[in-house]
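The values are calculated or read from the model by the stated rules, or taken from the named source; none is laboratory data. Being a predicted model, the structure only gives us computed values, none of them experimental. A quick note on method: Cβ atoms are made from the backbone with ideal geometry, for glycine too, and the neighbour counts reach across all protein chains shown. Remember, those area values only see protein heavy atoms, side chains included, never the ligands or the DNA or RNA. Shrake-Rupley method; radii C 1.70, N 1.55, O 1.52, S 1.80 Å.
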Amino acid sequence: MDYDIVIIGSGAGGGAMALSLAGTGARILILERGERLPREPQNNDPEAVFVERRYRAHERWQDGEGRAFTPGQYHFVGGHTKFYGTAMFRLREQDFEAVEHEDGLSPAWPIRYADLEPFYAEAEQLFHVHGHAGVDPSEPPRSSAYAFPPVLHEPLIGELALKLQALGLNPFHMPSAIDLREGGPCLRCGTCDAFPCAVQAKGDAEKCLVDPALRHPNVTLQTGSEVTRLVTDERGHRIVAAEVLHKGERQTVRAPLFVLSAGAINSALLLLRSATPRHPNGLANTSGCVGRHFMNHNTTCLMGMLPLTVNDTRFTKTLALNDFYLGAADERVPLGNVQMLGNIQEPMVRSAMPRMPRWAGRMLSRHSVDWLVMSEDLPHPQSTVRPLAGGGVELNWHRTNMATHHRFVSRTKGLLKRIGFSAILSRPFGIDTPSHQCGTVRMGDDPAHSVLDRWCRSHDHPNLFVVDASHFPSSGALNPALTIVAQGLRVGRHIRETT
Ligand SMILES: Cc1cc2nc3c(=O)[nH]c(=O)nc-3n(C[C@H](O)[C@H](O)[C@H](O)COP(=O)(O)OP(=O)(O)OC[C@H]3O[C@@H](n4cnc5c(N)ncnc54)[C@H](O)[C@@H]3O)c2cc1C
């Protein structure tokens with residue numbers, strides 16, 4: 001099979017590349033390991049999604065100590081955005097600069113916020129992001145307002161916002177990719193974060209990127225197609241083919257241009273698994289950085305208890321706080337972001353704490369308001385992902401900035417107490433939740449210390465681009481999806497203009 005461009009993966013990065021390149025008329029093939037996620041009653045059933053883990057990939061990985069775990073990985077058209085919580089943040093201007101943290105330096109990107117700004121604006125349009133600019137004190141400059149009004153707080157969340165304001169803080173409406181336009185499909189069913197959307201109201205990569213790309217006759221999507229290896233020419237210079245396992249059969253797909261968008265962990269694994277005698281450390285890996293600098297935000301879930309109040313909010317994810325993003329009067333280092341989590345329901349409590357009686361889980365769920373505290377993880381060279389013999393995967397997450405994160409969690413708990421929560425339960429997310437995975441195929445201007453150039457092109461192989469969360473030189477402390485899409489649109493335009 002011959003194409004002009006082969007895109008591996010149909011998530012935020014791959015989808016953005018497909019849409020951006022669709023109008024060129026080039027013959028584009030998207031190879032996606034998963035299938036289309038079926039629309040079925042289980043989509044928003046917490047028992048099916050959390051207890052039975054109906055949609056999770058059936059994979060067992062191991063951590064750096066050899067302990068096995070099942071990662072929160074999903075393989076469907078649209079990638080992880082099928083399950084994401086629709087928070088669509090731009091990184092801050094400072095996130096593109098070198099910033100000192102407690103455990104070291106968060107490195108500068110080879111591009112600045114201004115380079116990405118027009119593409120952030122385009123990405124927000126594509127995903128129908130609802131938001132309200134001008135309240136969040138850490139917000140970067142924007143060339144245009146949000147096209148859609150913010151998702152308004154329901155009564156309880158509105159009261160909490162007022163109480164936070166009374167403390168002198170600046171809670172703001174969280175930018176959200178949810179289709180709440182007049183006549184739009186959103187039912188405010190309350191199952192957004194970690195669930196696929198049963199009515200396609202969530203702006204995910206399948207709906208906002210892949211399907212629009214497929215309306216062009218030159219774009220083809222082949223599902224059930226796992227790329228197992230990339231193949232180079234004899235000199236080892238250019239990528240000439242992808243070996244694919246398609247529904248049990250082996251295929252070879254050839255093209256002059258390849259875009260790898262398999263997600264931060266899987267893109268690194270594919271490059272490492274494509275090692276040859278000429279490239280014993282894997283493809284694109286002269287720097288030795290492929291599979292290194294794995295980052296995943298430091299995140300902790302807080303359940304704020306209101307024993308006398310029933311939390312009947314349907315769509316909770318309307319509020320966020322960035323007052324401490326860059327630090328605080330008594331903190332010299334950045335702390336991060338606080339945002340609402342989706343509603344935690346009893347089966348979700350049970351899946352995390354199987355010994356808890358159901359009545360207790362139901363009580364927690366009815367009387368809690370759920371928050372996510374998120375802070376930056378730094379790119380440590382010993383934070384690695386690597387393939388193991390026999391098809392296994394080792395994810396050795398060397399966590400950083402945990403002392404900062406713990407202080408930030410304590411500070412947030414203190415705030416929540418001041419606005420009326422009687423008790424706050426907390427649970428950090430661990431290695432089995434690599435939701436915000438990034439950094440494993442990093443971009444940079446120096447080929448000795450990075451894999452990709454500032455256009456996400458491999459320093460080693462001129463016809464290979466890697467466009468997904470793996471290119472992040474640092475993680476910032478905000479949700480990554482909008483940045484991945486914006487980068488895809490930027491790189492797509494670069495390819496259109498230069499090839
Ligand atoms: C529960 C959850 C909630 C989240 N909430 C938010 C949020 O609110 N806001 C936010 O910004 N981010 C959120 N995220 C993170 C966000 O979804 C991801 O950062 C983003 O979707 C990653 O996009 P990607 O293109 O890097 O990779 P992916 O989404 O992982 O896409 C990669 C695609 O490649 C396919 N693939 C993998 N290997 C191969 C192969 N060998 N051959 C062919 N295909 C392959 C995969 O099946 C997948 O479809 C959340 C994630 C999760 C899991």
Original post:
So which residues in segment 121-175 are modelled with pLDDT under 95 and among the small types (Gly, Ala, Ser)?
Top reply: ALA147
**OP:** Specify the residue that is farthest from PHE69 (Cα to Cα); the eligible residues are those in segment 369-393 that are open to solvent by less than 20 Å² (accessible area, probe 1.4 Å) and among the charged types (D, E, K, R).
**Re:** ASP370
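Taking the condition open to solvent by 50 Å² or more (accessible area, probe 1.4 Å) and within 30 Å of ALA166 (Cβ to Cβ), does ALA329 pass? Can you show your working first?
Values: open to solvent by 50 Å² or more (accessible area, probe 1.4 Å): yes; within 30 Å of ALA166 (Cβ to Cβ): yes.
When the stated conditions are applied, ALA329 passes them.
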Original post:
How many of the residues making up segment 316-342 are within 23 Å of PHE96 (Cα to Cα), in contact with a strand residue (DSSP E or B) (Cβ under 9 Å, 6 or more places away or on another chain) and of a type in the set (Gly, Ala, Ser)?
Top reply: 2
Subject >> Matching residues, segment 202-237, being assigned to a loop (DSSP other than H, G, I, E, B) and out of contact with any helix residue (DSSP H, G or I) (no Cβ under 9 Å at 6 or more places or on another chain) >> reply: PRO217, THR223, GLY224, ASP233, GLU234, ARG235, GLY236, HIS237
Original post:
What number of residues in segment 487-499 are within 11 Å of the ligand (Cβ to nearest atom) and either open to solvent by 10 Å² or more (accessible area, probe 1.4 Å) or of a type in the set (Gly, Ala, Ser) (or both)?
Top reply: 1
Original post:
Within segment 170-183, can you find the residues that are touching a residue at least 40 places away in the same chain (Cβ under 8 Å) and either open to solvent by 20 Å² or more (accessible area, probe 1.4 Å) or of a type in the set (D, E, K, R) (or both)?
Top reply: ASN170, HIS173, ASP179, LEU180, ARG181
**OP:** Examine segment 56-67 for a residue that is touching a residue at least 40 places away in the same chain (Cβ under 8 Å), of a type in the set (Gly, Ala, Ser) and within 13 Å of the ligand (Cβ to nearest atom), and state whether such a residue exists.
**Re:** no
Original post:
Mind checking whether some residue in segment 245-257 is within 22 Å of GLY392 (Cβ to Cβ) and open to solvent by less than 40 Å² (accessible area, probe 1.4 Å)?
Top reply: no
Original post:
Counting only residues that are assigned to a loop (DSSP other than H, G, I, E, B) and open to solvent by 10 Å² or more (accessible area, probe 1.4 Å), which one in segment 73-82 is farthest from the ligand (Cβ to nearest atom)?
Top reply: TYR74
